[in-house]
Amino acid sequence: MDYDAQRVDVWAATIDDHPGGLAKKLAPLAEAGADLESIIARRSPDKPGTGVVFVTPLHGYAQTTAAERAGFTITQHSHSVRVEGENRPGAAAELTQKLGEAGINLRGMSANVIGTRFVMHLALGSEADADHVLEMVGSTHKAASPR
């Protein structure tokens with residue numbers, strides 16, 4: 001199976017766990033023109049009253065500055081790879097098995113299907129693991145957040 005894979009910066013911020021808490025964090029990004037492909041938000045069970053939101057991608061000075069002012073930072077503990085490909089039954093199982101057999105341990109994964117395509121975001125524990133994923137599954141260009 002052919003994949004398009006690239007490094008991406010994932011930005012994270014703490015959110016208040018109350019109605020509108022997530023909207024308050026996303027609004028400045030929208031105002032700066034961010035066209036977010038992936039948003040993951042959840043409560044923080046170890047910190048009642050708070051949650052965390054992860055977003056990608058952000059491009060350019062206006063978007064990254066808005067993100068920083070809203071409390072977002074690029075995740076430093078997780079190295080992320082975006083993988084896109086043709087969807088078919090078993091695609092995620094096949095790819096994750098291939099990574100496991102190569103000794104790559106995922107910190108996390110999110111995946112979605114739209115039409116006939118899937119997009120998967122893999123969180124890896126090291127830059128070396130991210131580079132290994134790129135070598136295994138696709139191209140090696142980086143889609144970072146330019147400043």
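What to note about this one:
- With respect to the conditions (1) under 18 Å from Ile40 (Cα atoms); (2) in contact with a Lys or Arg (Cβ under 7 Å, 6 or more places away or on another chain); (3) at pLDDT below 95, Gly125 lacks only one, and its number is (1).
- For segment 44-56, the condition of being among the basic types (Lys, Arg) and either under 17 Å from Val119 (Cα atoms) or modelled with pLDDT of 95 or more (or both) holds for none of the residues.
- Search result, residues across segment 38-56 that are in contact with a Ser or Thr (Cβ under 6 Å, 6 or more places away or on another chain) and part of a loop (DSSP other than H, G, I, E, B): Ser44
- Scanning segment 24-36 for residues that are in a loop (DSSP other than H, G, I, E, B) and surrounded by fewer than 15 Cβ atoms within 10 Å (Cβ to Cβ) gives Gly33, Asp35, Leu36.
- Flag if Thr14 is among the hydroxyl-bearing types (Ser, Thr, Tyr) and closer than 15 Å to Arg69 by Cβ: yes
- Among the residues of segment 37-61, the ones that are loosely packed, with under 14 Cβ neighbours inside 10 Å, farther than 20 Å from Ser110 by Cα and out of contact with any Pro (no Cβ under 9 Å at 6 or more places or on another chain) come to 4 in all.
- Close pairs from segment 96-115: first farther than 20 Å from Ala128 by Cα, partner of a type in the set (Phe, Trp, Tyr), Cβ under 8 Å, at least 6 apart: Ala111/Phe118; Asn112/Phe118
- The residue that is farthest from the chain's Cα centre (by Cα), counting only those in segment 6-20 that are in a loop (DSSP other than H, G, I, E, B) and crowded, with 18+ Cβ neighbours inside 10 Å, is Asp9.
- Only one entry in Ala92, Ala67 is in contact (Cβ under 8 Å) with a residue 24 or more places away in the chain, in the same structural domain as Ala27 (by TED's automatic domain parsing) and of a type outside the set (Phe, Trp, Tyr), namely Ala67.
- Of the residues making up segment 4-31, those that are touching a Lys or Arg at 6+ places or on another chain (Cβ under 8 Å) and either touching a residue at least 60 places away in the same chain (Cβ under 8 Å) or acidic (Asp, Glu) (or both) are Ala5, Gln6, Arg7, Val8, Ala13, Asp16, Asp17.
- Matching entry among Val83, Val113 (being within 30 Å of Lys24 (Cα to Cα), touching a His at 6+ places or on another chain (Cβ under 9 Å) and either at pLDDT 95 or above or not small (Gly, Ala, Ser) (or both)): Val83
The values are calculated or read from the model by the stated rules, or taken from the named source; none is laboratory data. Keep in mind it's a predicted model, so treat the numbers as computed, not measured. Cβ sites come from the backbone with ideal geometry, for glycine too, and all protein chains shown count toward neighbours.
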